[in-house]
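This report refers to the structure that appears directly beneath it.
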Amino acid sequence: MTTNLASTRPIVIAPPFTLETAIQKVRMAEDGWNSRDPHRVALAYTEDSVWRNRSEFIIGRDAIVKFLTGKWDRELDYRLTKSLWAFTDNRIAVRFQYEWHDAADNWFRSYGNELWEFDEQGLMRRREASINDVPIHKSDRKFFWPAPGPRPADHPGISEIQ
């Protein structure tokens, strides 16, 4: 069975960004990552996209799929929130938090910042992420919604949660 690429590729917003389109781009990225579907997420990046994720360096969609598959195999019950920090014509900076647990049911909240650069078609060609993991008690979790899936519009994001 073949997949129709047009039906699986996310809607792409191309630069130059406005405040409204930058906010939309961030929310679309959050929704994509919350799907926990590595193939779907990878379609938002150029074929030769370059990533720095913590201390890992990843190049290309195939490597992105491999990386995300491993990530979501280890980071269980993953739920992510992203927030626009700043933007220019073809770049966006975000801050994010996500919660997850390992196979031993140890919970973490991961805090980070990302720098994104897009090509003319709106695909991300560069992503640099700095992330810190903080152990938390399960009772200290903040992100509750059915997952995988997008954060509901009425569920607080980073700005509303302390």
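The values are calculated or read from the model by the stated rules, or taken from the named source; none is laboratory data. Since the structure is predicted, the reported quantities are computational estimates derived from the model, not experimental observations. Quick reminder, even Gly has a Cβ in these numbers, built from the backbone with ideal geometry, and neighbours come from all protein chains shown. Surface areas here come from the heavy atoms of the whole protein model, side chains and all, with no ligands, DNA or RNA. Shrake-Rupley method; radii C 1.70, N 1.55, O 1.52, S 1.80 Å.
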*Could you tell me what percent of the accessible area of the chain is made up of carbon and sulfur, with a 1.4 Å probe and every protein chain present?*
55
_Pairwise FRET efficiency - Thr46 versus Ile11, Cβ, R0 = 22 Å, nearest 0.05_ = 0.85
_Cβ crowding within 10 Å averaged over residues, with 150-161, 50-61, 76-87 ranked highest first_ = 76-87, 50-61, 150-161
*Beyond 26 Å, what share of the Cα-Cα pairs of the chain remains, rounded to the nearest whole percent?*
24
*Degrees separating the helix 61-74 axis from the principal Cα axis of the chain, which is the longest one*: 10
*Between Rg and the Kirkwood Rh of the range 110-162, both from Cα atoms, what is the Rg to Rh ratio?*
1.06
_Please compute, for the alpha-carbon atoms of the range 50-104, the extent along each of the three principal axes and give them in descending order in Å._
42, 24, 17
_Per residue, how much accessible surface does the range 37-162 expose to a 1.4 Å probe? Answer in Å², no decimals._
53
_Exposure ranking of Lys138, Lys66, Lys25 by accessible area [1.4 Å probe, largest first]_ = Lys66, Lys138, Lys25
*asked:* Under 5 Å between amide hydrogens, which residues at least 5 positions from Ile131 or on another chain qualify, with H placed 1.01 Å from N in the peptide plane?
replied: Arg54
*Per DSSP H run of n ≥ 4, the term is -39500 (n - 2.57); total these for the chain, divide by its residue number, and report the mean residue ellipticity at 222 nm rounded to 500 deg cm²/dmol.*
-7000 deg cm²/dmol
*Between the range 20-50 and the range 133-159, what's the alpha-carbon centroid distance in Å?*
19
*Each residue of the range 152-157 in order: what ³J(HN,Hα) in whole Hz does its phi give by Karplus 6.51 cos²θ - 1.76 cosθ + 1.60, θ = phi - 60°, with x for Gly and Pro?*
x, 4, 8, 8, x, x
*asked:* Angle check, please: helix 19-35 long axis (alpha carbons) against the longest principal axis of the chain (alpha carbons), in degrees 0 to 90, nearest 10.
replied: 60
_Largest to smallest accessible area among Thr46, Thr18 [probe 1.4 Å]_ = Thr18, Thr46
_Dipole moment magnitude, nearest 20 debye, the chain about Cα centre, only Lys, Arg, Asp, Glu C-beta charged_ = 80
*What is the distance, in nm, between label points placed 7 Å from the Cα along the Cα-to-Cβ direction at Tyr111 and at Asp62?*
3.9
*Mind checking which of Gln121, Gln24, Gln97 has the largest fluctuation in a GNM of the chain, springs on alpha carbons under 10 Å?*
Gln121
_Rounded D (µm²/s) - the range 74-162, Kirkwood Rh over Cα pairs, Stokes-Einstein at 37 °C, 0.692 mPa s_ = 229
